[in-house]
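Down below is the structure, laid out as structure tokens.
The values are calculated or read from the model by the stated rules, or taken from the named source; none is laboratory data. Since the model is a prediction, treat every value here as computed from it, not as a measurement. Cβ: placed from backbone, ideal geometry, glycine included. Neighbour counts: every protein chain shown.
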Amino acid sequence: MTFAQAAEEHLDDVYGYLAWFTGDRAAADDLAGETFERALRLWHRFDPERGSARTWLFQVARTTALDHFRSERRRTRREQLAAVPERYEERFAEGLAADLQAALGALNAGEREVVALRIVLDMDANSAARVLGISPTNVTTRLNRALKKLEEALSVAA
Amino acid sequence: MSQRDLAAELRASRVTAPDEVREHVRLIAAAETAPPRKFTWRRALVVTLPVAAAIAAAIVFTRPDHQQRVVHGVVVTTPDRALDKLDKLGAPARTPALQAQVGAAGSTAGEPKAFAPVPPRGRVVQYDAALSLRVASPTAVSAAVKRALRIATSLGGFPISVHASTQAKSGTADLTLKIPRQHVQEAVARLSALGTITGEQVDLQDLQAGINATNREIARLQQTLATLRAQPQTPVTERKIAALTARIANLQRGTADTRRTAHYATVTLHVATPQRAVHKAHHGPLHGLVVALRWIGIAAIYVLALGAPALLLVGLGWLAVRTIRRRRENALLSRP
């Protein structure tokens, strides 16, 4: 598989993951480009025997997103805007009910990414664990906690 | 809403990348070039295994040869070079302070004569020679000792010390002989014929410069003495004359001693049977392999002893770094 084929095949998934992870479409647009640039540089390290290209691209996307979070946090601190954080309208996906959209906004980035990987992108526990760098059991625990939190938020809203 | 319904709704909401992002990624992918050669264990083994096999083979096949060389005691110094060195040293006018030390290579059966440089004529030189010989049996050791003593006496020399020891299959003897300097070449040549030469060393030290200096000192003192004798004799003058006379006598005795010592050359002879060669006969064809394996074992123990704690430290460090990184990551992602 060439890099171009992998990029074409998994672009939507990577973009979706970034959109869910960051909760910011504009950031996801930038990060998707950044992810594929980084992936192209590292493509020689990709080993199909160790995992699929999709999983590998998610790993690269996650690293890119984490760098983005870190730089955002530094920027926020530097500008002393921590007290009044800049809010953007979180829009994770089209076609979601408004209450679900609001409930998803209550999740933190770590919970959102596990929901995105395991449910939205339908990734198995082992692959998700590889992307997140934790054990499959931890993935399941984190997912259950996130879904419970969503459920509670939805019931409160109802 | 149950978790199942929730999951179904979330799954139904897949996100697609906007066209501009897709176009951007296509442009990035278009820059793809041929991937560089990747390092794989299979490739590494293809290179490593033949190299390891070649090294092992080299150890196995070259080790016995090396032992052979040690047994025969081959020294690297070439006799030609030693000859050149001593040719230069042979001219006393050009090299007043003569000092030479020459180690000659062990001769093979084809060249039984030992190398013995000619002592320079007209100069007082201290001459020391050491000769190592290999003989076939303990009986030959005894015979060689007897013949060496006969050679020394026939040339006007004498033995200073003789140590001989023989056992059933091996024997050694060490002799120190004093040979008149003018016969030393002949002595070394005849002694070298007693066995196969395995080592040889010749030391020449010029003593003439020292003797010349002493003679000049004596002449100067004698001149002073003559002046003192010409003066009216007082107790002080007499004391001075007595002291000078004693000093001159001492120096003359010293010079005479040096000349007497230098008259004889010291020849050290070591005769031995080839003990190591007997040992070597017991080594099987795989002896080199056994030696190589033993060294590999020793190396493995060192690697384990030093590598295990280092590995443990590296592992602990890696765990600590991973834990810190995870905590930071969790803190970063726990924000809403």
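In summary, A:VAL14 fulfils each of the numbered conditions (1) β-branched (Val, Ile, Thr); (2) away from chain B (no Cβ under 11 Å); (3) touching a residue at least 40 places away in the same chain (Cβ under 8 Å) with the single exception of condition (2).
State whether the residues of the range B:156-178 include one that is surrounded by fewer than 19 Cβ atoms within 10 Å (Cβ to Cβ) and part of a helix (DSSP H, G or I). Looking for residues that are surrounded by fewer than 19 Cβ atoms within 10 Å (Cβ to Cβ) and part of a helix (DSSP H, G or I), one finds none in the range B:156-178, hence no. Can you spot a residue in the range A:71-83 that is buried (at least 20 other Cβ atoms within 10 Å of the Cβ), of a type outside the set (Lys, Arg), assigned to a helix (DSSP H, G or I) and modelled with pLDDT of 80 or more? No: zero hits.
On the stretch given as the range A:17-38, residues that are within 7 Å of another protein chain (Cβ to nearest Cβ) and not aromatic (Phe, Trp, Tyr) total 5.
Residue by residue, here is whether (1) in a helix (DSSP H, G or I); (2) modelled with pLDDT of 90 or more; (3) of a type in the set (S, T, N, Q); (4) not assigned by TED's automatic domain parsing to the domain that holds B:GLY156 holds:
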{"residue": "B:ASN250", "(1), (2), (3), (4)": "yes, yes, yes, yes"}
{"residue": "B:LEU293", "(1), (2), (3), (4)": "yes, yes, no, yes"}
{"residue": "B:ILE296", "(1), (2), (3), (4)": "yes, yes, no, yes"}
{"residue": "B:ALA300", "(1), (2), (3), (4)": "yes, yes, no, yes"}
{"residue": "B:ALA308", "(1), (2), (3), (4)": "yes, yes, no, yes"}
{"residue": "B:ILE324", "(1), (2), (3), (4)": "yes, yes, no, yes"}
{"residue": "B:ARG328", "(1), (2), (3), (4)": "yes, no, no, yes"}
{"residue": "B:ALA331", "(1), (2), (3), (4)": "yes, no, no, yes"}
{"residue": "B:ARG335", "(1), (2), (3), (4)": "no, no, no, yes"}
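For the range A:119-136, a residue qualifies if it is facing chain B (nearest Cβ under 9 Å) and part of a helix (DSSP H, G or I), and the qualifying residues are A:ILE119, A:VAL120.
Reported count of residues in the range B:179-197, each being within 27 Å of the chain's Cα centre (by Cα) and either surrounded by fewer than 21 Cβ atoms within 10 Å (Cβ to Cβ) or not assigned by TED's automatic domain parsing to the domain that holds B:VAL125 (or both), is 1.
Residues checked against (1) in contact (Cβ under 8 Å) with a residue 60 or more places away in the chain; (2) of a type in the set (D, E, K, R):
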site: B:LEU133; (1), (2): yes, no
site: B:LYS146; (1), (2): no, yes
site: B:SER161; (1), (2): no, no
site: B:GLY171; (1), (2): yes, no
site: B:ALA193; (1), (2): yes, no
site: B:THR224; (1), (2): no, no
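Can you tell me which residue within the range A:1-11, out of those that are within 7 Å of another protein chain (Cβ to nearest Cβ) and not polar (S, T, N, Q), is nearest to B:PRO18 (Cα to Cα)?
My answer is A:LEU11.
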